[in-house]
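The values are calculated or read from the model by the stated rules, or taken from the named source; none is laboratory data. Not measured: the values here are computed from a predicted model. So basically every Cβ, Gly included, is an ideal-geometry build from the backbone, and we count neighbours across all protein chains shown. Side chains included, ligands, DNA and RNA excluded: accessible areas come from the protein's heavy atoms. Shrake-Rupley method; radii C 1.70, N 1.55, O 1.52, S 1.80 Å.
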Amino acid sequence: MKSFVYKVVLFIVIIIATDTVFGIMMRYISAHAKGGDSAREYYIFNKMHDDILIMGSSRGMYNYDADMIRDSMHLSCYACGFEGMGIITNYALYCRIMKRHHPRYIIYDVYYKTDLMQHKDNSTYLSLLKPYHSDNTVKEMMNRIDSKQKFKTLSDFYNYNSVFLQMIQDCIHPTLSAGNNGYRPIDRTSFHRLKEEETYTHYDYDTLKIYYLERLIKESKGKTKLIFVISPFFRITKGIDYQALQAL
């Protein structure tokens, strides 16, 4: 029996030690990535000191040429939108940035699915925040959205499980540049028929997303000029898409 207990304890110690070493290695790789998403994300979350920030979902990454805005405004600019992410991710990012720097302008590209409506499980918006789970804002958000996250994020295997291969590639031989000040133009042609994207009989706005939009508005007041923008869609838009934002 003593031998069995000893083996179990040894196994747990090995798992914890391996997880700890893995986390140290991933944080080092993240900080030393040569390009790609890893270098871009590390800069945005840990180093960004630009005057103008473009925030939002992928539309905040694909639709705004940061260099052109910089040349027009004579202020530094960075496009820090993330694929599939909305206000839940961006509010946590805003709070993290404000601890080290107050940008002069935030241009927030609003997308009704990720910023206003009940669209998918809100815990998916925490994926980029897992490595920063010790941050007080992130901790509060995780407890509000999914209380199990405080236990899951104790493991760095969990925190980096979907990105560690990409991080290693970005450290050795990235396929994408980290340049263009965060701007990632789409270099392909897409053909669509102009039509209504979806038809809703009623709209279910996400109260949590509205809550964090309100907090962003209130907390940026007097510190940063916050500008909400809806960049063009190649579809027929309906005013009801953004009613909740107009009310704010």
Q) Could you say which residue among MET48, MET25 is assigned to a loop (DSSP other than H, G, I, E, B) and either among the hydrophobic types (A, V, I, L, M, F, W, C) or without any contact (Cβ under 8 Å) to a residue 12 or more places away in the chain (or both)? A) MET48
**Q.** Filtered residue count, segment 107-145, keeping only those that are closer than 23 Å to VAL229 by Cβ and assigned to a helix (DSSP H, G or I)
**A.** 6
Q: For ASN63, indicate whether it is buried (at least 18 other Cβ atoms within 10 Å of the Cβ), in contact (Cβ under 8 Å) with a residue 12 or more places away in the chain, closer than 18 Å to VAL138 by Cβ and not basic (Lys, Arg).
A: no
Q: List every residue pair whose Cβ atoms sit under 8 Å apart, with the two residues 6 or more apart in sequence or on different chains, where the first one lies in segment 170-190 and is within 16 Å of CYS80 (Cβ to Cβ) and open to solvent by less than 70 Å² (accessible area, probe 1.4 Å) and the second, anywhere, is among the aliphatic types (A, V, I, L, M) and part of a helix (DSSP H, G or I).
A: ALA178/ALA39; ASN181/ALA66; GLY182/ILE44; GLY182/MET61; GLY182/ALA66; TYR183/MET61; TYR183/ALA66; ARG184/MET61
Q. Taking LYS34 and the conditions (1) over 13 Å from LEU93 (Cβ atoms); (2) of a type in the set (Lys, Arg); (3) open to solvent by less than 20 Å² (accessible area, probe 1.4 Å), which numbered condition does it fall short on, given that it satisfies the others?
A. (3)
Q: Quick one: which residue in LYS113, LYS120, LYS99 is free of Cβ contacts under 8 Å to residues at least 12 places away in the same chain and either under 20 Å from SER58 (Cα atoms) or open to solvent by less than 20 Å² (accessible area, probe 1.4 Å) (or both)?
A: LYS120
